[in-house]
Structures are given as structure tokens and as C-alpha cells.
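Here is the structure we will look at.
What follows is calculated from the coordinates using simple rules that are stated; it is not laboratory data. Every value quoted in this text rests on a predicted model; they were computed, and no experiment measured them. Using ideal geometry, Cβ is built from the backbone for each residue, glycine included, and neighbour counts are taken over all protein chains shown.
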Amino acid sequence: MTPSPETCKRLTEYLGECWHEPIGTRVSEWHGPLTKCSCGMVECPKVNLLFSTSADLFTVYGKMVERGEWLEFIDWIDETQDIPLEQNGDGHAWLFCLAAPDQIGERMEMASAWLKERGK
Ligand SMILES: [Zn+2]
């Protein structure tokens, strides 16, 4: 499962990075119509994170730790998710997709839902 664009945008902004998407066109006398990016650049070469790798997962979780929000996130999972953390040992293997890398997108949707719920 690949996270939705909405989730990718929310997580990108949570990481404090710019989300890149075309927001209009600027006509240049020399180059003709050029695409303007939401980050402010014209003909922006940057690509957005897709939040589909273990590295992305660790980056998002790491940001929660850095901001002191990790335990709040864990409590939220415990209260809202159908998968008890007692399963798979202490739940870390499940949370970090250690045995199921194909579920990284689902964990990222979960992180996004948590952010959305708390209005961030
Ligand atoms: Zn950009």
C-alpha cells in the first residue's frame, strides 16, 4: 500500500520540509511558460517523499521522539487501533514493520491520522 498524497503532504510538513506541487504557470520571455512550485521555485526539480521505505518510517517516528510526542502517539495507537501492542512481543516489531515491510504505508497512514486528529 502506498500512502495517499494527502498523507505524504501532511507527513512532509510534520518533518518541517516543503511540499512540492505545481501551483501555476509563469511566462518567461525567453523560455515560455514555466511551472511554478508550491515551494516558490520555478521549474522545481525536487521530488516529494513517498513514505514507503523503512528509512521514511524511522524519519517520521524519529521526529515524534524529537518533539516529545512519541508516547502520545503510542497511547493513541493503543486506544484507536485494532492491533494490540502486546502481539508480536512488545508490539515494536509490528509498529516498525520488521516482519512486514509491505505494511509501511499503512503505518504512515496511521501516523497521518494521528496528526489529523490532533489538528496538526
Ligand atoms: Zn518545489
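Projecting the Cα positions of Trp19, Met1, Pro45 onto the charge dipole of the chain (unit charges on Cβ atoms of Lys, Arg, Asp and Glu, taken about the Cα centre) puts Pro45 furthest along the positive direction. Averaging 1/r over every pair of different alpha carbons in the chain and inverting the result gives a Kirkwood radius of 16.0 Å. For region 1-99, trypsin sites (Lys or Arg not before Pro) meeting the loop criterion (DSSP other than H, G, I, E, B) and having at most 14 other Cβ atoms within 10 Å: Lys46, Arg67. For the chain, the Cys residues with no second cysteine's beta carbon closer than 4.7 Å are Cys8, Cys97.
Here the dipole of the chain is about 640 debye; that uses its Cα centre as origin and unit charges on the Cβ of Lys and Arg (positive) and Asp and Glu (negative).
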